[in-house]
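A short worksheet on the structure shown next.
The values are calculated or read from the model by the stated rules, or taken from the named source; none is laboratory data. Treat the numbers as computed from the prediction; the structure is a model and nothing was measured. Cβ coordinates were reconstructed from backbone atoms using ideal geometry, including for glycine residues, and neighbour counts include every protein chain displayed. Keep in mind that these areas ignore ligands, DNA and RNA; they rest on the heavy atoms of the full protein, side chains included. Shrake-Rupley method; radii C 1.70, N 1.55, O 1.52, S 1.80 Å.
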Amino acid sequence: MSDVLNALLERPGNFAEFVELRRDIHRHPELAFAEHRTSALVAERLRQWGYEVETGVGKTGVVARLQLGKGVRRLGIRADMDALPIQEGTGKSYASCHKGVMHACGHDGHTAMLLAAAHHVAQRGLIDGTLHLIFQPAEEGGAGARRMIADGLFDRYPCDAIFAMHNMPGISRGHLVLRDGASMASSDYATVTLTGIGGHGAMPHHARDPVVAASSIVMALQTIVARNVDPLAMAVITVGALHAGRANNVIAQDSVMEISVRSLDHQVRELLRRRLHELVQAQAQSFGVEAHIDWREGYSVLVNDVAQTDFARQIAIELLGSANVTLQGPALTGSEDFAFMLEKIPGSYVLIGNGDESGAAPVCMVHNRGYDFNDDILPVGAAFWTHLAERFLVQHSP
């Protein structure tokens, strides 16, 4: 165990102040671009510790700067702050006080870990360079990272490298997982509206049935993955919703499908987009109905820089020992808007285990009403950020 982690664990109250901070954020969750209380809390703490702070970046984002010494290196570390529109079911004493909103993904923990590291880095005063701490809104579908970038994030706070971390249930508490290359999938969305001719269910020859057409399209879409995509590549097409009609003796006029599309490769992503359009139009024509496709680009493929990921691996091993670090974990099919930051700045996205002690029951995953961030991993995450910042801004300074 490194001296950084020991120092954090030996803090007065054994890290209790940051556990309470995390639980306070958990108790008051806020949705995308509505993180006003959270942003104010973050900004207040950072100012107390000597950081220059700007609020309102990307609407509700917070960016803090700590510049010490004469080093010219600039490091960015990002944490997300938003919650999800889920009714909490944990039964915890600090459960959400807002109906229908909860921190079901651990962003409360991510924020608390980075705040703890911010305090520790400022107290130690060992960095030689500039540390930029980025507290981002709206990761959950709102593309807050892209909003902050468009608002001039990297123009005002340039970085030579940037890092972020996410907790992961099912992995041992505090275990760190790294991966270079494509690490999380892109996410795109399509709404397909089929318009036919409605009619009486007893006389289908006088109608053009969009339900039959939609049913065929649902099955045909899977052939894109099975027959167009390289079997060694990853691709997912999911029809998550199909709406049509209300009565059993009426042929509907319209049907609507909601589709999500994911991949781990930019070329595969474009292939999926092109083939979905071609297949839907061809299928619709074969059934005599019209198709309208509303295609919406989501998050990019998250690609971790090789050199910066290798640096993060070294930090992880020094902190926890090789037995507690996975050097090259598997890619994930989930999506993350930190990908937009990595398109601008080389860096890496790290996973930290939230725990796998579930007994006979399945591990409660994120985006579940019963999920809660594991406070035991707060010191590990904070120590990782502290060690990484001090090494990057001292060792790498000329």
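In what order, largest first, do Ile149, Ile224 sit by accessible area if the probe radius is 1.4 Å? List each step's numbers first, then the result.
Details: Ile149 35, Ile224 0 Å².
Greatest to least solvent exposure: Ile149, Ile224.
In deg cm²/dmol and to the nearest 500, what is the mean residue ellipticity at 222 nm of the chain if only DSSP H runs of at least 4 residues count, each as -39500 (n - 2.57), divided by the residue total? Please list the in-between numbers first.
Values: 11 runs with 141 residues, N = 398.
Dividing the helical sum by the residues of the chain leaves -11000 deg cm²/dmol.
How far, in degrees from 0 to 90, does helix 378-395 lean away from the longest principal axis of the Cα atoms of the chain, to the nearest 10?
That works out to roughly 70 degrees.
Can you give the accessible area per residue of region 28-72, in Å², using a 1.4 Å probe?
Values: 2110 Å² over 45 residues.
I get 47 Å² per residue for this part.
Antiparallel versus total DSSP beta bridges in the chain: what percent is that, nearest 5?
Looking only at bridges with both residues in the chain, the antiparallel portion is about 70 percent.
Out of all Cα-Cα pairs in region 262-398, roughly what percent, to the nearest whole number, are more than 21 Å apart? Numbers along the way, then the final one.
Values: 5734 of 9316 pairs.
Of all Cα-Cα distances in region 262-398, 62 percent exceed 21 Å.
Please pull out the direction-averaged projected area of region 1-132, using the convex hull of its alpha-carbon atoms, in nm² to one decimal place.
On the way: hull surface 35.3 nm².
Computing the convex hull of the Cα atoms and averaging its projections yields 8.8 nm².
Which value results when the Cα radius of gyration for region 114-266 is divided by 2.2 N^0.38 Å? Before the final figure, lay out each step's value.
On the way: Rg = 24.4 Å, N = 153, 2.2 N^0.38 = 14.9 Å.
My calculation over the Cα atoms of region 114-266 gives 1.64.
Can you tell me the alpha carbon radius of gyration of region 161-213 divided by the globular rule-of-thumb value 2.2 N^0.38 Å?
On the way: Rg = 24.5 Å, N = 53, 2.2 N^0.38 = 9.9 Å.
After normalising by residue count via 2.2 N^0.38 Å, the value is 2.46.
D for region 50-91, whole µm²/s, Stokes-Einstein with Kirkwood Rh over alpha-carbon pairs at 10 °C and 1.306 mPa s: what number? Walk me through the numbers before you get to the answer.
On the way: Rh = 13.6 Å.
After rounding, the answer is 117 µm²/s.
How large is the accessible surface of Phe311 in square angstrom, using a 1.4 angstrom probe and rounding to the nearest 10?
Here the accessible area works out near 10 Å².
Once both axes come from the Cα atoms, what is the angle between helix 266-287 and the longest principal axis of the chain, in degrees from 0 to 90, rounded to 10?
That helix lies at roughly 20 degrees to the long axis.
In what sequence, highest mean first, do 151-163, 270-282 appear when ranked by Cβ atoms within 10 angstrom? The partial results should precede the final answer.
Numbers: 151-163: 18.2, 270-282: 16.5.
In decreasing order of mean packing, 151-163, 270-282 become 151-163, 270-282.
Using Cα atoms only, what is the angle between the long axis of helix 16-27 and the major principal axis of the chain, expressed in degrees (0 to 90) to the nearest 10?
20
Give the whole-number value, in cubic angstrom per residue, of the convex hull volume spanned by the C-alpha atoms of the chain. It would help to have the intermediate numbers written out before the result.
Working: hull volume 63.5 nm³, N = 398.
For the chain, the hull spanned by Cα atoms encloses 160 Å³ per residue.
Just read off the accessible area of His98 with the full protein assembly in place, 1.4 Å probe, to the nearest 10 Å².
Counting only protein heavy atoms, His98 exposes about 80 Å² to solvent.
What is the percent of Cα-Cα separations in region 71-152 that go past 19 Å? Let's see the in-between values first.
Values: 1687 of 3321 pairs.
Tail of P(r) above 19 Å: 51 percent of Cα pairs.
Counting only the heavy atoms of the protein chains, how much of Glu357 is accessible to a 1.4 Å probe, in Å² to the nearest 10?
120
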